[in-house]
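Structure, as structure tokens:
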Amino acid sequence: MSVQNKSKWENRSITYTIFLSMLLVALVPLLIMAIQGYHCASMAVVQLQSSHLDSVLHARKSRIVDWLNDRNNDIATIAAAPCTKFVCREITSGRGDVEKRKICALLDQSHQQEPAYESLVLYSANWKRLETSKQTVHNDKELLSSNFKEKLMTATNAIVASPHIHDNGVVAIHIGIPVFEDEMRVGYVVAALDLSIRLYSILEDRAGFGKTTRTYMLYQGGHYLSMSDHNMEMQEEMVLPPLAIREGTNGKAEFYKNCKGMDVIGVSSSINDLNWMLVAEIDKKEAFAWLYSLRLRAAVTGVIALMLVVLMSMKYSRKITSPLLKLAKVANQISDGNFDKRLPPLKGKEPKDVAVAFNSMLDELEKVQTALVQTAALAAVGELTSSIVHEMRNPLSSVKMNLTALQKKVADDEVYSELSEIAIEQAGRLEQMLYDLLQYGKTVELNWQLLTFGGGMLL
């Protein structure tokens with residue numbers, strides 16, 4: 001700290017000191033408590049939102065998994081039907097027509113029970129289309145990609161092909177299952193499903209949602225399969241959420257910007273082994289709405305506390321400085337020559353003691369001043385006396401010398417000789433009196449000597 005700043009700090013007013021002290025004592029702990037409280041509240045909100053989103057997420061996930069399991073069960077039931085196996089063997093007989101009608105009825109029934117089916121097709125082991133549902137809309141090229149066929153040829157259970165987006169923006173998946181008879185692969189059941197019919201309705205269900213809560217699905221972490229917000233343009237590629245969301249947070253909240261550029265809190269969870277990721281998110285503004293209100297209240301409380309600190313510091317500083325100002329006023333009046341001025345009675349024990357001590361000091365100073373005036377007067381008198389005595393000693397010495405001379409002249413006259421001796425004696429007496437008067441005005445100096453009494457030593 002520089003000398004100038006140190007001087008300013010030391011010369012600060014009592015009001016400023018009290019205000020600063022009360023500010024530190026009152027607002028600093030309040031600020032620390034507010035920060036700690038806000039931090040704890042933020043953590044609580046994040047935990048609460050994480051729990052809420054996770055519950056919403058798992059409720060949607062359970063419904064989606066159940067729906068997928070039902071579709072797997074549908075095609076598994078079709079694949080296990082005796083009529084399916086009979087038709088796959090491509091036996092031409094009267095019974096073959098009956099079995100074909102049965103498989104067609106089974107395919108049509110499954111298609112009617114689940115509107116999400118776009119196509120249901122039965123293939124032979126060499127990928128010849130055998131039977132289809134009446135509502136089937138896909139040809140073999142659309143249903144059977146080379147990768148899907150390779151997986152089906154080695155699979156023993158139902159498999160789900162990678163989702164794809166149609167020209168109309170609908171996301172679809174293909175499900176296939178091999179047909180076995182006596183452990184021989186005799187055919188395949190393939191279904192195409194429109195995800196928008198069932199999955200989107202599950203995701204768009206607002207039960208348990210806040211105003212900005214939304215759910216959507218990702219495939220392989222990079223492709224959006226669905227968006228629950230109809231105002232959001234559906235694209236195959238969008239702004240991706242963070243890696244933690246794409247890999248599955250399993251109930252742990254993540255902060256990020258979604259594809260609309262909004263700050264959100266999100267959780268995610270994988271769906272089986274399909275490389276599907278279900279995401280639930282809520283706008284950060286809505287999630288922390290209560291905290292924003294709490295922060296506003298804290299700010300208002302801080303302003304009120306600051307006003308109280310200002311008012312209390314002004315009140316108490318005035319209470320402390322008022323006696324000091326009165327003391328300074330009386331001191332200035334005394335310095336201007338009004339020596340009879342005294343402090344009035346002050347309120348409070350300490351100010352009252354100061355006033356009594358100050359007035360007592362002034363009374364004692366007045367007495368000392370009077371004594372000093374008297375001492376000065378005596379000193380002046382002594383100096384004048386010394387001067388007069390000095391002036392008187394000179395003519396007195398002349399008189400004494402002349403009397404001594406005259407005494408010698410009248411030595412033979414007994415009468416005049418006695419008179420001259422009396423005059424000389426009185427002149428000497430007067431001279432001794434003047435000498436004593438001079439000695440009285442001098443400063444007394446002690447002459448310390450060591451004296452011995454009875455073998456001891458005294459100072």
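The values are calculated or read from the model by the stated rules, or taken from the named source; none is laboratory data. For clarity, every value in this text was computed on a predicted model and none was experimentally measured. Here the Cβ positions follow ideal geometry from the backbone for every residue, glycine too, while neighbour counts run over all protein chains shown.
Worth pointing out:
- If you check L218, L278, L296 for being at pLDDT 80 or above and surrounded by fewer than 13 Cβ atoms within 10 Å (Cβ to Cβ), only one passes: L296.
- Of all residues making up segment 319-343, the number that are outside any helix (DSSP H, G or I) and under 23 Å from T15 (Cα atoms): 1
- Check on R342, out of contact with any Asp or Glu (no Cβ under 7 Å at 6 or more places or on another chain) and surrounded by fewer than 16 Cβ atoms within 10 Å (Cβ to Cβ): yes
- Test: residue in segment 346-361 that is surrounded by 10 or more Cβ atoms within 10 Å (Cβ to Cβ), touching a Ser or Thr at 6+ places or on another chain (Cβ under 9 Å), free of Cβ contacts under 8 Å to residues at least 40 places away in the same chain and assigned to a helix (DSSP H, G or I): yes
- Test result for V354, out of contact with any Leu (no Cβ under 6 Å at 6 or more places or on another chain) and at pLDDT below 80: yes
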